[in-house]
Amino acid sequence: MRQTELHLSEEDRAVISSIRTKGLHQTREVNRAHVLASLDQGVPEAQIMAVLGIGRTAVWRTRAAYLQGGVDLALFDVARSGRPPQYDTDAQARVTALACTAPPEGRQRWTLVELERAARQEQGLGNVSRETVRRMLKKTTSSPGAG
């Protein structure tokens, strides 16, 4: 198996060494740091794959990302575009505050259906669903009627 040589700069070695030895980093980042350090030392790809328990593609992609964009591109995941949150933190705070108010007349506590109905009356929450209300309350570790 032919292996492309990889030579790290001293600055990149220092970054990789700090990721490998200290701090809280995702497993993928630490594995990529190990791959780059091993390739820099001339360790064969087969040995890297066996020791780290990763596939050949992971080694190739890490090397290619380093050669293309440097240590940051090789180690850290690029931010992914995704669907932006539909409701901002203000809307979540309003739903949480609503759940902390007195329940409707004749009820001892809020239900999710009643919270959904009440939230739909709020400005900017016209099409909020019961599941969305549930997720908003779950994030704040509050529950309807607990209080």
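The values are calculated or read from the model by the stated rules, or taken from the named source; none is laboratory data. Not measured: the values here are computed from a predicted model. As a convention, Cβ positions derive from the backbone with ideal geometry for all residues, glycine included, and neighbour counts pool all protein chains shown. Just so you know, the surface numbers come from the protein's heavy atoms only, side chains and all, with ligands and any DNA or RNA stripped out. Shrake-Rupley method; radii C 1.70, N 1.55, O 1.52, S 1.80 Å.
Suppose we filter ALA58, ALA118, ALA74, ALA64 for residues that are modelled with pLDDT of 90 or more, exposed (fewer than 15 other Cβ atoms within 10 Å of the Cβ), of a type in the set (Gly, Ala, Ser) and part of a helix (DSSP H, G or I); which single one remains? First the steps, then the outcome.
On the way: ALA58 fails: exposed (fewer than 15 other Cβ atoms within 10 Å of the Cβ); ALA118 fails: exposed (fewer than 15 other Cβ atoms within 10 Å of the Cβ); ALA74 fails: exposed (fewer than 15 other Cβ atoms within 10 Å of the Cβ).
Result of the check over ALA58, ALA118, ALA74, ALA64: ALA64.
Only a single item in (1) open to solvent by 60 Å² or more (accessible area, probe 1.4 Å); (2) of a type outside the set (S, T, N, Q); (3) at pLDDT below 90 is not met by GLY126, and it is number (1).
Would you check if there is a residue in the range 1-11 being open to solvent by less than 100 Å² (accessible area, probe 1.4 Å) and in a helix (DSSP H, G or I)? So that I can check it myself, show each step before the final result.
First, the residues of the range 1-11 that are open to solvent by less than 100 Å² (accessible area, probe 1.4 Å): 3-4, 6, 8-9.
Keeping just the survivors that are in a helix (DSSP H, G or I) gives none.
Checking the range 1-11: not a single residue is open to solvent by less than 100 Å² (accessible area, probe 1.4 Å) and in a helix (DSSP H, G or I).
Based on this model, can you work out whether ARG109 counts as touching a residue at least 24 places away in the same chain (Cβ under 8 Å) and open to solvent by 90 Å² or more (accessible area, probe 1.4 Å)? Against the criterion (touching a residue at least 24 places away in the same chain (Cβ under 8 Å) and open to solvent by 90 Å² or more (accessible area, probe 1.4 Å)), ARG109 qualifies.
Within the option set VAL43, VAL113, being part of a loop (DSSP other than H, G, I, E, B), modelled with pLDDT of 90 or more and either out of contact with any strand residue (DSSP E or B) (no Cβ under 9 Å at 6 or more places or on another chain) or within 30 Å of VAL133 (Cβ to Cβ) (or both) holds for one residue only, VAL43.
Anything in the range 38-55 that is polar (S, T, N, Q) and open to solvent by 90 Å² or more (accessible area, probe 1.4 Å)? List them, or say none.
So in the range 38-55, the residues polar (S, T, N, Q) come out as 38, 41, 47.
Selection gives GLN41, GLN47.
Applying a threshold of 6 Å to beta carbon distances and a minimum spacing of six or more residues, or different chains, the list of pairs starting in the range 14-25 at a residue that is closer than 17 Å to LEU39 by Cα and ending at one that is open to solvent by 60 Å² or more (accessible area, probe 1.4 Å) reads ILE19/HIS25.
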